[in-house]
Amino acid sequence: MSAGRVVVIGGGLAGISAALDCARGGAEVTLLESRGRLGGAAYSFDRDGLSVDNGQHVFLRCCTAYRELLEDLDALPLVTLQPRLAVAVLGPGARRGWLRRANLPAPLHMAGSLLRYPFIGGRARLAVARAMQQLRRVDFDDPRNDERTFGDWLREHGQGADAIEGIWELIARPTLNLTVAEASLAQAAQVFRVGLLGDPDAGDIGWAVAPLSEIHDKAARRALERAGVDVRSRSTVGSITPVREGLQVAASDGFEACVDAVVLAVAPAAAAKLLPPQSGVDDQFASKLGRSAIVNLHVIYDRPVLDVPFAACVGSPLQWMFDRTASSGLEAGQYLAVSLSAADDELGTPVELLRERYLPALADVLPEARTAHVENFFVTREHSATFRAAPGARAWRPQARTELRGLVLAGAWTDTGWPATMEGAVRSGHAAAAAALATLAELGNARTLATVRA
């Protein structure tokens, strides 16, 4: 016998996680997804015979919720995780350094690597080490720290331009999708403390070795089916209406049902349009959270030019690049995906201008690229890749529960404490499912009591 009926709206990582939890909690679950695929903002598509990820998504060893989801999806063979953090850092003139961790307690695990790091001077390295110690003391749950920028804090702690670009920006920009000058101190402190300055192995990097949709769509569908979840694709929800019996949900494909609980797991702007006034969620939250873009450059060379799985760049317009040759199905040459975070300026830049700017930059840091032929160059743009983790943003991130019984929220933009990452999305799904199942338990108890009294 079902513990109650739940509709999950949105088939991204938050919705998938919530649906699985609710089904395992005994609920009858229907998942409605407006697109023809699951996976939300982390997906792949076919182009010219290749499987192309919309962007490069990585996770860390500290991303325990996402890693547990991969296990639930039977998708662990589709990812890899470094045994020990090692990041090649490339600079102009083919200079190369490494950020590696040693087998020592944090933060000493990064000390040796920092001492040998070639992109900042000796005094700057010592200043970075001191600032990292100070950052460990920043309370990222303190609203006062959320009102400050990370850049202001860095300057107050003796960080010059070289250190900011060579260390802090290198890590903060791809995780927060903002520059240090724009990002909240509290959110930056969470990233560094959890991912780099806590457990020494927390920052080991993982990534997909298969197209993302093999994981977040195909594997997820199989897991949802095993759990008994009814997945309906191309089903766009038009309304959520409170009624006496619960919540009435109506969708474009003719789906209509009155259910006990709804998990709303869509993007902030879409959620704002669907939230009934009775939810008590400020209708300005989506605009206040804002959005930050990611632009990805896809470059296919006729020969290998990068000799590591991924690399970061300093002193260059490039940020991070990844070898996606094997996962894409490319049989000859090399396919590089160049990820540009906080890329609002590149959103409107024509492809040819991006090509003119970034191909020479690639040749500057990769000697083999100077003589290699570019077989293809194309661009994908995520206009609303994440919310803006700017000062004051956390106050606008809603909790899972709303004031309307049975209506709960999920998404990396809810108040998980994490930035807009796959880990944050999965954690939000767990929180939403717990709230939905609690509502079902309350309703079940009330119905049992009513029956006894009758």
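Just so it is clear, none of the values below were taken in a lab; they were calculated from the coordinates. Source: prediction; values computed, not measured. In this analysis, Cβ positions are derived from the backbone assuming ideal geometry, glycine residues included, and neighbour counts consider all displayed protein chains.
For the chain, taking Cα atoms only, what is the radius of gyration to one decimal and the Dmax to the nearest whole Å?
Cα only, the chain: 23.0, 84 Å (Rg, Dmax).
Taking the number of other C-beta atoms within 10 Å as the exposure measure, put LEU404, LEU264, LEU20 in order starting with the fewest. Intermediate values should be presented prior to the final figure.
Values: LEU404 18, LEU264 28, LEU20 25.
Result, fewest neighbours first: LEU404, LEU20, LEU264.
How many percent of all Cα-Cα pairs in the stretch 103-200 sit more than 19 Å apart?
Pairs farther apart than 19 Å: 36 percent.
Between ASP142 and ARG84, what is the spin-label point distance in nm, taking each point 7 Å from the Cα along the Cα→C-beta axis?
Between ASP142 and ARG84, the simple spin-label model gives 3.5 nm.
Hey, fewest Cβ within 10 Å first, where do VAL6, VAL374, VAL138, VAL243 land in order?
Working: VAL6 32, VAL374 15, VAL138 18, VAL243 8.
Ranked by crowding around the Cβ, least crowded first: VAL243, VAL374, VAL138, VAL6.
The stretch 197-272: which GluC sites (Glu not before Pro) are DSSP loop and have at most 12 other beta-carbon atoms within 10 angstrom?
Here the sparse-neighbourhood loop sites are GLU245.
Over the stretch 328-454, with a single point scatterer placed on each C-alpha, what log10 of the ratio I(q)/I(0) does the Debye formula yield at q = 0.11, 0.19 1/Å?
Values, matching the q order: -0.65, -1.06.
Given 0.36 nm per residue, what is the gain on full extension from GLU245 to ARG222 after removing their alpha carbon distance, in nm? Numbers along the way, then the final one.
Working: separation 23, 0.36 × 23 = 8.28 nm, distance 3.19 nm.
Length gained, GLU245 through ARG222: 5.1 nm.
Would you calculate, for the chain, the mean residue ellipticity at 222 nm contributed by helices, counting each DSSP H stretch of 4 or more residues as -39,500 (n - 2.57) and dividing by all residues, to the nearest 500?
Per the formula, -9000 deg cm²/dmol.
For CYS258 paired with ARG123, estimate the spin-label separation in nm (one decimal), with each label point 7 Å from Cα along the Cα-to-Cβ line.
7.4 nm
Express in nm, to one decimal, how much length is gained between VAL308 and GLU352 on full extension, taking 0.36 nm for each residue of separation and deducting their alpha carbon distance.
Gain on extension, VAL308 to GLU352, equals 13.1 nm.
Using modelled amide H (1.01 Å from N, peptide plane; none on Pro or chain starts), what sits under 5 Å from the amide H of LEU60, excluding residues fewer than 5 places away?
So LEU60 has HN proximity to GLY206.
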